[in-house]
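What follows is one structure encoded as structure tokens, with my remarks underneath.
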Amino acid sequence: MTTATHGSGSASAAAHKAKGTFSSHFGRPRGVVGRFVGWFMASRNPARGDWGLELLDVGPEDNVLEIGFGPGVFLEKAAARTSGHVAGVDHSDVMVAQAKRRNKATIAEGRMRVVQGDASSLPFPDAHFDRVLSINSYHHWHDPAAAMNEIARVLKPGGAVVIVEQAMAKDATDEASRAIGRDVVERMNLAGFSNVETRERPMPQRLAVGVIGRR
Ligand SMILES: C[S@@+](CC[C@H](N)C(=O)[O-])C[C@H]1O[C@@H](n2cnc3c(N)ncnc32)[C@H](O)[C@@H]1O
């Protein structure tokens, strides 16, 4: 296993050090402040997540998993693109509650499952999903190598994962987003994904990077 000296490794460590600060709620929204953060994320410009869904290229019957869904806006949008099953996993109880509220009709239909859990131990069987999406969650993952192996495990052969990242520090540059993207590419290659490709999309604050890997 290689050790990342940039991107998610250092970003993740920083996120853990910052526990208790306002910005740490973006890595794991908690309590009343976490509820506000969820509302804030849901009300933000959806361009980054919409681009992620575009890259995901969901087929009409695909089963889709989103990791780190936050308030559940993109679970809802993913469900509108397929008649298959949509599942989400997020380690924040507050985000699970908000996403369940937002998607209650689809959950009641039996077409969506929203669960509290960790990216590094996905509570789903092998080869279950056609598509896996994650938007600005990867840099918070405490064990990105284990998470990437889990994504490979739950994807069907021929399935695809899309990870979109945009560096969020106030003074972050386009290069900071690219550095996280390079880290994602390295992790996908180590987990055995093929045809790993990086795309870039200018966004109002700074560049977003999307990495696509195929199983
Ligand atoms: C910055 S928010 C992004 C939310 C949403 N994807 C969006 O773009 O609006 C990051 C989300 O990832 C979740 N998260 C972070 N680390 C996680 C992990 N190891 N396993 C599961 N969820 C995680 C957080 O709880 C949070 O909801």
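Where a number appears in this text, it was derived from the coordinates with a stated rule and is not lab data. Computed from a predicted structure; not experimentally measured. Cβ coordinates were reconstructed from backbone atoms using ideal geometry, including for glycine residues, and neighbour counts include every protein chain displayed.
At the listed q of 0.13, 0.15, 0.18 Å⁻¹, the Debye profile of region 8-214, built from one uniform point per Cα, gives log10 I(q)/I(0) equal to -0.65, -0.89, -1.35. Counting only aspartates and glutamates at least 8 places from LYS77 when in the same chain, those with an alpha carbon closer than 19 Å to its own are ASP50, GLU54, ASP57, GLU61, ASP62, GLU66, ASP90, GLU109, ASP130, GLU165. For the pair ARG182 and VAL32, a Förster radius of 35 Å applied to the C-beta separation gives a FRET efficiency near 0.40, rounded to the nearest 0.05.
Can you pull a Stokes-Einstein diffusion coefficient for region 21-135 at 25 °C (0.890 mPa s), Rh from Kirkwood over Cα pairs, as a whole number of µm²/s? D, rounded to a whole number, is 174 µm²/s.
Using Cβ contacts closer than 10 Å as the measure, can you line up ARG131, ARG113 from fewest to most? Mind dumping the intermediate values first?
On the way: ARG131 25, ARG113 17.
Taking fewest neighbouring Cβ atoms as first place, the list is ARG113, ARG131.
Between ASP143 and ASP93, full extension at 0.36 nm per residue minus the direct alpha carbon distance yields a gain of 16.0 nm. In region 8-214, taking the dipole from charged Cβ atoms about the Cα centre, the farthest positive-side position among MET168, VAL154, HIS85 is held by MET168. Here ASP183, ASP174 are placed in order of increasing Cβ neighbour count within 10 Å, fewest first, which gives ASP174, ASP183.
Bridge orientation summary for region 71-166: considering DSSP beta bridges with both residues in this region, about 10 percent are antiparallel. Give the percent of DSSP beta bridges with both residues in region 8-214 that are antiparallel, rounded to the nearest 5. Bridges in region 8-214 that DSSP calls antiparallel: roughly 40 percent.
Look at VAL32, VAL184 and count the other Cβ atoms within 10 Å of each Cβ; fewest to most, that gives VAL32, VAL184.
Across the chain, the longest piece that holds none of the GluC sites (Glu not before Pro) lying in DSSP loops with up to 11 other C-beta atoms within 10 Å covers 110-215. Sparsely packed loop sites in region 157-189 (the trypsin sites (Lys or Arg not before Pro) outside DSSP H, G, I, E and B with at most 11 other Cβ atoms within 10 Å) comprise LYS170.
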